[in-house]
Structure formats: C-alpha cells, structure tokens
C-alpha cells in the first residue's frame with residue numbers, strides 16, 4: 001500500500017482532546033456517560049482537483065462503501081464491541097470508541113485503511129446525541145476510490161477471509177454538497193418532530209435495507225448516479241450538521257487539515273486478516289502429517305481432526321502453511337489437479353463434511369471421481385499463495 005499524506009487537525013474549535021477517553025463503564029463520547037456511543041466510524045473526505053480525470057472538476061467528496069449484506073451504501077462504521085474495542089491498564093479493561101473507529105474502518109475497507117492512532121486522536125469528530133453515533137472526520141486527497149473499490153470487491157469474494165473482512169463490495173464518492181442538501185432536509189424534519197421512520201418523500205427510498213429492514217435515503221454520487229444510503233448514518237450527520245458546517249468552513253479556510261510528512265495509514269501493526277484453518281489443505285501441503293494420520297485408513301473426519309490438533313500443538317510453532325489461496329472466478333480444469341483430491345476438498349470444504357464418515361482412502365477416491373466429472377461450477381485450481389501463521 002502506498003504512503004498516504006497526513007492531514008492534521010489544528011483549529012481549536014474542533015480540538016478533540018478527550019473524545020478518545022476510556023471508561024470501565026462503557027463507550028462514551030469524551031468519557032461522558034450522558035453521551036453514550038453505540039456506533040462509530042469515519043467520514044473519509046477527499047478533495048478532487050479541477051483537472052480530475054473524470055472531468056467533473058474540483059469538489060470535496062466523502063468516500064462510501066457498499067454493504068453487500070444490507071445492500072446499501074454507507075460510511076465505514078459499525079457497532080461498538082466490548083469483546084474487541086478496549087485497552088488494558090493493569091487489571092482494568094477500559095472501553096475505547098477510538099478502537100471501534102479503527103477496527104470498523106479497517107474491516108469495512110477490507111484491510112486497506114488502518115488509521116494511525118495518534119492521527120485519529122487529533123481528528124475532528126461529529127457526535128449524534130439522537131442516534132448515539134460517533135464519526136471521526138479525516139481527509140486524504142491522495143486516496144484512490146478506484147483502488148479502494150477494487151480492494152473491497154476482491155475481498156468480498158474471498159471465502160478464506162472471515163465475514164467481517166468481506167462485508168463491503170465496492171466504493172464510491174458522494175459530494176459533500178449533496179450531504180449538506182440531504183442532511184439539511186433531515187435536520188429540518190427532525191426539528192419539526194419527524195422521525196427516521198417517516199422521512200420526507202423527496203429523499204427517502206421506497207426500499208429498506210436487507211436483514212434489519214432499516215430506511216434508506218437517496219444520494220447522488222459525484223458522477224450523478226442515484227444510490228441508496230443508510231438513513232441512520234445520514235441521520236447522524238444531519239443531527240450534527242451544524243458542527244459539520246463549521247468544520248467545513250474551517251476546512252475551506254485551511255485551518256483544519258494541513259499536510260504533514262507522516263502517514264495517516266500504517267502497515268507495521270495492522271492486524272492480520274482472519275484466515276480459516278483448512279485441514280484438507282494442511283494434509284495436502286504436508287506429506288509427513290498425511291502419512292502419519294492416515295495409517296490404518298481411519299475415517300476422514302478423524303484424519304481431519306488429527307490434522308487440526310497437529311497444527312495447533314506443533315504446526316503453528318513450526319510455521320507450517322495451513323491454507324491455500326485461490327482465485328474466485330470460475331477456472332478451467334487443470335489436468336494437474338485430477339490426481340489430487342485433497343486439493344479439490346480444500347477448495348470445496350462442503351465435500352469434507354459430505355465424505356467425513358468414509359475411510360480416508362474411500363473419501364479420496366470419491367473426491368477423485370467427483371473431480372474427474374466436475375465442470376466449472378466447482379473450484380479446481382489453487383494459486384499457491386500459501387498462508388502461514390501470523
């Protein structure tokens with residue numbers, strides 16, 4: 001990942017000392033129990049130059065990602081998690097909304113963006129008392145929407161990754177002027193006693209999100225495409241719209257974000273993507289393990305269980321590879337895989353369950369026969385980007 005330019009917040013109006021305060025009691029904005037935080041994330045701003053290749057011209061925009069599970073566009077944000085978003089101080093477990101922001105941005109951008117903690121501590125923030133949402137505001141004009149979109153699309157199709165790393169599929173940009181337009185309508189609606197469930201028809205979509213059935217609002221992207229956006233996060237921006245307007249005014253005056261030589265994003269301590277252990281791949285990759293645990297031709301499930309135990313007790317310390325990485329697009333049959341049924345079972349884990357009660361040799365034979373008759377609907381060929389323990 002290329003280096004990114006840090007844009008540092010320096011204007012006293014939005015001085016954020018304390019927004020990252022820690023608490024034993026829960027997640028709070030500036031440590032104040034009267035301002036709980038239920039969701040946190042980031043508004044990622046990017047200033048397009050007048051000679052931008054897309055021909056639209058100079059414009060300040062917000063990057064958004066597409067949530068493939070909920071089927072709408074959103075900011076990279078999500079719920080606080082007491083099991084993940086905390087720091088230890090001695091025997092104390094202190095909850096941190098900053099940790100939520102970093103984690104959610106990392107996950108929703110498929111591991112592409114990891115906000116530097118010291119940078120994030122200095123960022124201006126928007127807090128919505130109506131929705132209990134906290135959004136850190138960042139700006140990086142060198143951030144590529146196309147590159148981020150490609151990254152999330154690749155990750156979304158990679159079943160090697162845990163679900164939280166592949167929720168987003170695609171990125172886009174929405175002009176800040178559009179946020180202000182829709183946010184202004186929502187702000188007036190809320191001040192008149194309206195609710196998120198009865199938004200004005202001029203902005204609300206007739207559709208709702210998948211799973212949670214939450215309302216959606218229409219936004220127009222930089223290229224004029226009408227998209228459906230999470231009404232709750234748009235509502236949080238609307239609820240904090242006055243603060244957002246002041247922040248934007250200071251941005252125009254050059255008083256908030258200035259260039260520095262540090263990085264907003266970092267590689268050195270970025271968490272590894274969670275890759276699942278695959279016992280069939282482990283057996284294929286390590287002949288000594290395969291030979292030892294297949295003695296006497298036990299059931300396949302026993303061999304797979306022993307492979308997992310070997311990895312956890314010895315293989316991890318020995319830095320043994322444990323997973324095959326592969327392209328997700330349908331691949332043509334590779335003749336070299338026809339004699340390697342374990343590769344086939346590694347790429348199609350449902351077969352491991354299907355053949356688990358057969359003896360090891362019978363399971364391999366069944367997989368081999370299935371492989372010889374398979375068509376492109378099954379994965380057949382790995383790319384040997386072997387995954388080792390972190």
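Of these, 188, 192, 147, which one is within 27 Å of the chain's Cα centre (by Cα) and assigned by TED's automatic domain parsing to the domain that holds residue 118?
None of the other options fit; the residue is 147.
Has the stretch 23-35 got any residue that is modelled with pLDDT under 90 and assigned to a loop (DSSP other than H, G, I, E, B)?
No: the stretch 23-35 contains no residue that is modelled with pLDDT under 90 and assigned to a loop (DSSP other than H, G, I, E, B).
Filter the stretch 338-351 for residues that are farther than 19 Å from residue 292 by Cα and surrounded by fewer than 20 Cβ atoms within 10 Å (Cβ to Cβ); which is modelled with the lowest pLDDT?
Filtering first and then ranking leaves 338.
Specify which of the listed residues (155, 136) is surrounded by 21 or more Cβ atoms within 10 Å (Cβ to Cβ), under 15 Å from the mean Cα position of the chain (by Cα) and either in the same structural domain as residue 31 (by TED's automatic domain parsing) or assigned to a strand (DSSP E or B) (or both).
155
Which members of the stretch 114-133 meet the condition of being touching a helix residue (DSSP H, G or I) at 6+ places or on another chain (Cβ under 7 Å), part of a loop (DSSP other than H, G, I, E, B) and buried (at least 16 other Cβ atoms within 10 Å of the Cβ)?
114, 124, 131 - these are the residues of the stretch 114-133 that are touching a helix residue (DSSP H, G or I) at 6+ places or on another chain (Cβ under 7 Å), part of a loop (DSSP other than H, G, I, E, B) and buried (at least 16 other Cβ atoms within 10 Å of the Cβ).
Out of everything in the stretch 215-226 that is in contact (Cβ under 8 Å) with a residue 40 or more places away in the chain and touching a strand residue (DSSP E or B) at 6+ places or on another chain (Cβ under 6 Å), what residue ends up being farthest from residue 61 (Cα to Cα)?
The qualifying residue farthest from residue 61 (Cα to Cα) is 216.
The values are calculated or read from the model by the stated rules, or taken from the named source; none is laboratory data. Here the structure is a predicted model, which means the values were calculated and not measured. Cβ: placed from backbone, ideal geometry, glycine included. Neighbour counts: every protein chain shown.
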